[in-house]
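Undergrad: Pasting a structure here, questions to come.
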Amino acid sequence: MKLQLALDSSNSQEAKHILEKVSDLVDIVEVGTPLIMKEGVKVVTEIKDAHPQLEVLADLKIMDAGDIEARIGFEAGADIVTVLGVAHDVTIHRAVDQARILDKQVMIDLIAVTDVRERIDQLEAISPDYCCVHTAFDLQDRGMDPLREVQLVQSALKRSKMAVAGGINPKILPDIIVYRPAVVIVGGFITNHSEPRRAALEIKELLA
């Protein structure tokens, strides 16, 4: 299982400072949507240049112009870009095709997908690299349980690999690990911790 660190701060200096402390403990560094919105894709380039050993994911949440927007992320240095699962199939196809041309990867974010099982069946025909179960930040304080969707996605995926995101911490991680996701995405537990490295080590120990 890979550990993906989500840098969702809109302050690039703060995000880079945290990454410096934990870069040897993570496999994928996610340049989050707020950071890209604030700084532009140049921050993807800066992070990839500073940490070439890491896979870099640009959380573009592509909804249209799949090939054009995916290429923007890839040319900036991203190894992986995200496309929303609620996007049209043709948009996802175009992003995936662009990834194949450039030897890159696409992660489908299932946030806001109402019928996850049905959508997974459709996505499997397109063969993105990852499908991500994502409990929305705005729903986490309403007791939204991501495990039901994790179960559905894990049982439905045949070609793509599963990623899991949304409020993950050491308390809920053991329940998620049971389903053997390829990627576990952790943001706030590490980035908001008074000792980010200690937090990352705690997550790594559970993933070992």
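Undergrad: Here are some conditions: (1) surrounded by fewer than 18 Cβ atoms within 10 Å (Cβ to Cβ); (2) in contact with a helix residue (DSSP H, G or I) (Cβ under 8 Å, 6 or more places away or on another chain). Residue 128 meets all but one. Which one does it not meet?
TA: It is condition (1) that residue 128 fails.
Undergrad: So residue 156 clears everything in (1) at pLDDT 95 or above; (2) surrounded by 15 or more Cβ atoms within 10 Å (Cβ to Cβ) except one condition, right? Which one?
TA: (1) is the only condition that residue 156 fails.
Undergrad: Take the conditions surrounded by fewer than 18 Cβ atoms within 10 Å (Cβ to Cβ), modelled with pLDDT of 95 or more and either of a type in the set (S, T, N, Q) or within 30 Å of residue 122 (Cβ to Cβ) (or both) and apply them to residue 49. Does it pass?
TA: On the way: surrounded by fewer than 18 Cβ atoms within 10 Å (Cβ to Cβ): yes; modelled with pLDDT of 95 or more: yes; either of a type in the set (S, T, N, Q) or within 30 Å of residue 122 (Cβ to Cβ) (or both): no.
Answer is no for this residue.
Undergrad: Let me ask something additional. Just to be sure before I move on: is residue 115 at pLDDT below 95 and more than 18 Å from residue 166 (Cβ to Cβ) in the structure I sent?
TA: Details: at pLDDT below 95: yes; more than 18 Å from residue 166 (Cβ to Cβ): yes.
Considered against the rule, which asks whether it is at pLDDT below 95 and more than 18 Å from residue 166 (Cβ to Cβ), residue 115 comes out as yes.
Undergrad: Additional query: Applying the selection to the range 186-201, what residues are touching a residue at least 24 places away in the same chain (Cβ under 8 Å) and surrounded by fewer than 20 Cβ atoms within 10 Å (Cβ to Cβ)?
TA: 188, 197, 201
Undergrad: How many residues, within the range 63-107, are under 16 Å from residue 31 (Cα atoms) and more than 18 Å from the chain's Cα centre (by Cα)?
TA: Qualifying residue count for the region: 1.
Undergrad: Condition test on residue 56, is it under 19 Å from residue 18 (Cβ atoms) and either in a helix (DSSP H, G or I) or of a type in the set (Ser, Thr, Tyr) (or both)?
TA: Working: under 19 Å from residue 18 (Cβ atoms): yes; either in a helix (DSSP H, G or I) or of a type in the set (Ser, Thr, Tyr) (or both): no.
Taking the combined requirement at face value, the residue does not satisfy it.
Undergrad: Determine, yes or no, whether residue 92 is in a strand (DSSP E or B), touching a Gly at 6+ places or on another chain (Cβ under 8 Å) and among the aliphatic types (A, V, I, L, M).
TA: Working: in a strand (DSSP E or B): no; touching a Gly at 6+ places or on another chain (Cβ under 8 Å): yes; among the aliphatic types (A, V, I, L, M): yes.
No; evaluated as a whole, the condition is false for this residue.
Undergrad: Here's something else I'd like to know. Does residue 42 meet the test of being under 19 Å from residue 16 (Cα atoms) and either touching a residue at least 24 places away in the same chain (Cβ under 8 Å) or of a type in the set (Val, Ile, Thr) (or both)? Give the steps one after another, and end with the answer.
TA: Details: under 19 Å from residue 16 (Cα atoms): yes; either touching a residue at least 24 places away in the same chain (Cβ under 8 Å) or of a type in the set (Val, Ile, Thr) (or both): yes.
For residue 42, the condition - under 19 Å from residue 16 (Cα atoms) and either touching a residue at least 24 places away in the same chain (Cβ under 8 Å) or of a type in the set (Val, Ile, Thr) (or both) - is met.
This table checks each residue for (1) assigned to a loop (DSSP other than H, G, I, E, B); (2) under 24 Å from residue 164 (Cβ atoms); (3) among the aromatic types (Phe, Trp, Tyr); (4) modelled with pLDDT under 95.
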site	(1), (2), (3), (4)
4	no, yes, no, no
9	yes, yes, no, yes
19	no, yes, no, no
26	yes, yes, no, no
29	no, yes, no, no
36	no, yes, no, no
44	no, yes, no, no
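Undergrad: Give 79, 67, 59, 109 a once-over and let me know the one that is surrounded by fewer than 19 Cβ atoms within 10 Å (Cβ to Cβ) and at pLDDT 95 or above. So that I can check it myself, show each step before the final result.
TA: On the way: 79 fails: surrounded by fewer than 19 Cβ atoms within 10 Å (Cβ to Cβ); 59 fails: surrounded by fewer than 19 Cβ atoms within 10 Å (Cβ to Cβ); 109 fails: surrounded by fewer than 19 Cβ atoms within 10 Å (Cβ to Cβ).
Of 79, 67, 59, 109, the one residue that is surrounded by fewer than 19 Cβ atoms within 10 Å (Cβ to Cβ) and at pLDDT 95 or above is 67.
Undergrad: Going through the range 1-24 one residue at a time, which ones are in contact with a helix residue (DSSP H, G or I) (Cβ under 9 Å, 6 or more places away or on another chain) and under 23 Å from residue 131 (Cα atoms)?
TA: The answer is 1, 2, 3, 5, 6, 7, 8.
The values are calculated or read from the model by the stated rules, or taken from the named source; none is laboratory data. Nothing here was measured: the structure is a model prediction, and the numbers come from that model. Here Cβ is always computed from backbone atoms with ideal geometry, including for glycine, and neighbour counts include all displayed protein chains.
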